[in-house]
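Trainee: Quick one: structure below, then a few questions.
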Amino acid sequence: MKELIAGGNTSVPSSILKVKIIAGKAADVSAYRLYDNDKVSGDADMVFYGQKTNDDGSVSLLEEGLTSVFEVNLPKVKASVKKITFALTCDNHDTIQALSKLAIQVECDNEVIIVANVGMSSRAEAALILGELYRRNDEWKFRFIDQGFNGGLKPLAEHFGIEVNGDEAPVAPSSPAPASSSGASSGQSTVNLSKISLTKESPRVNLTKKDDFGLIRVNLNWNQKAESKGFLNNLLSANKSIDLDLGAFVRLKDGEKWVIQALGNTFGYFDSEPYAELQGDDRTGAVTEGEWLHINGSQWKNIDEVLVFAFIYKGVPNWAQTDGVVTIHMPGQGPIETRLTEGQNRNGMCAIARLTNHNGSINIERINQYFSGHKDMDNAFRWGFSWTAGSK
């Protein structure tokens with residue numbers, strides 16, 4: 001393993017690499033394919049939270065959070081690409097110093113081959129160009145850059161030649177456009193960077209009425225490496241992996257009510273009532289994309305409310321340690337996220353958010369309230385289910 005200082009470089013294998021960005025707080029990461037002019041050729045060259053892979057699959061964002069992971073398939077990178085640059089921008093008007101720690105490392109075949117630590121003292125910038133993979137004499141190398149950048153993701157993207165849509169409304173990024181073979185910037189492609197974070201200060205967003213909202217995908221992801229001890233310790237034996245479960249209460253317009261969760265194997269149905277279905281159960285956090293709930297937006301007219309929740313099936317000391325985040329994706333909208341950071345270890349269940357049908361629109365409200373269990377949460381929101389002990 002080589003440890004680099006700013007400006008240092010070293011050769012890397014021309015194979016599939018993982019580039020990990022490790023921070024003390026959650027931040028947004030991005031990667032850019034650059035050409036001879038050190039610019040992108042179109043929005044397909046940017047990989048970030050709103051576009052997690054590029055047009056040829058050579059660069060993908062696999063994980064986000066305290067540790068963000070890019071997979072780079074160097075043999076698939078087109079010959080006209082000269083660099084792949086990795087950057088980070090802080091959330092909530094933080095600075096680099098507020099992250100408390102920051103490092104970038106490169107892995108090959110699950111072995112760390114390069115590590116570079118960012119000096120955090122007096123770093124007042126809100127963004128950082130961390131490092132780059134670049135071609136030199138028909139081989140690939142990695143350089144640790146550590147270059148501060150004023151402003152957030154928008155000016156950073158524009159620095160690399162991305163034309164950014166300035167609209168404030170949450171709109172999904174445009175479909176990836178093919179890069180020109182010459183690498184020249186076309187100036188005609190735009191990408192929308194809008195992401196909505198639901199917080200205590202801004203807990204709601206309203207999505208305008210549509211006949212068909214399409215596939216609504218709700219994702220729960222968490223820190224796979226947090227140590228599980230203390231809470232619900234009696235449920236643990238040799239297996240100390242964290243098990244967070246995603247679920248939902250669904251009420252239809254005709255008054256029918258459903259519970260969707262892995263506990264009791266009530267996974268729901270997408271094409272028939274209740275028009276919501278849990279996509280499997282990740283008991284260990286080993287699935288890098290976490291757990292998914294799909295809601296049939298073409299049937300939104302038949303749905304009255306969806307209450308999304310998560311609970312700790314196997315323990316962690318507190319919700320902050322899980323670094324849990326729930327993100328709602330749907331066609332034509334930017335991602336909507338809320339973080340599970342406020343619960344204490346005495347309460348293992350979180351009511352995360354609710355999606356309600358208001359005259360055909362979707363009102364999404366952050367709840368982030370914590371309860372001792374299903375029945376306690378049910379009573380608080382007056383759903384009226386009958387509860388018995390369950391297992392999976």
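The values are calculated or read from the model by the stated rules, or taken from the named source; none is laboratory data. Model, not experiment: these values are computed from the prediction. As a convention, Cβ positions derive from the backbone with ideal geometry for all residues, glycine included, and neighbour counts pool all protein chains shown. Keep in mind that these areas ignore ligands, DNA and RNA; they rest on the heavy atoms of the full protein, side chains included. Shrake-Rupley method; radii C 1.70, N 1.55, O 1.52, S 1.80 Å.
Trainee: Distance check, please: which entries in 82/141; 20/78; 2/78; 101/200; 76/154 exceed 19 angstrom between their Cα atoms?
Mentor: Beyond 19 Å between Cα atoms: 20/78; 2/78; 101/200; 76/154.
Trainee: Taking the mean number of other Cβ atoms within 10 Å as a proxy for protection, how do you rank 4-11, 15-22 from highest to lowest?
Mentor: 15-22, 4-11
Trainee: Continuing with this model, one more query. In straight Cα distance, which aspartates and glutamates are under 14 Å from residue 25, not counting same-chain residues fewer than 8 positions off?
Mentor: Hits, sequence-local ones excluded: 64, 91, 94, 323.
Trainee: So which aspartates and glutamates pass the test for residue 253, namely a Cα distance under 13 Å, with those fewer than 8 places away in the same chain ruled out?
Mentor: Excluding near neighbours in sequence, the set is 273, 304, 305.
Trainee: For every other residue with a beta carbon closer than 10 angstrom to the beta carbon of residue 363, add +1 if it is Lys or Arg and -1 if Asp or Glu, then tell me the sum. Please report the intermediate quantities before stating the final value.
Mentor: On the way: positive: 204, 354; negative: 305, 365.
Surrounding charge for residue 363 is 0.
Trainee: Among the aspartates and glutamates, which have Cα under 15 Å from the Cα of residue 39 when same-chain residues fewer than 8 positions away are ignored?
Mentor: 132, 158, 163
Trainee: Another question, if that's okay. Report in % the part of the accessible area of the stretch 1-105 that belongs to carbon and sulfur, leaving out ligands and nucleic acids; probe 1.4 Å.
Mentor: Carbon plus sulfur share of accessible area: 48 percent.
Trainee: For a quick protection proxy, order the peptides 350-357, 377-384, 254-261 by their average other-Cβ count within 10 Å, most packed first. Mind dumping the intermediate values first?
Mentor: Values: 350-357: 21.6, 377-384: 14.2, 254-261: 15.9.
My ranking of the peptides, most packed first, is 350-357, 254-261, 377-384.
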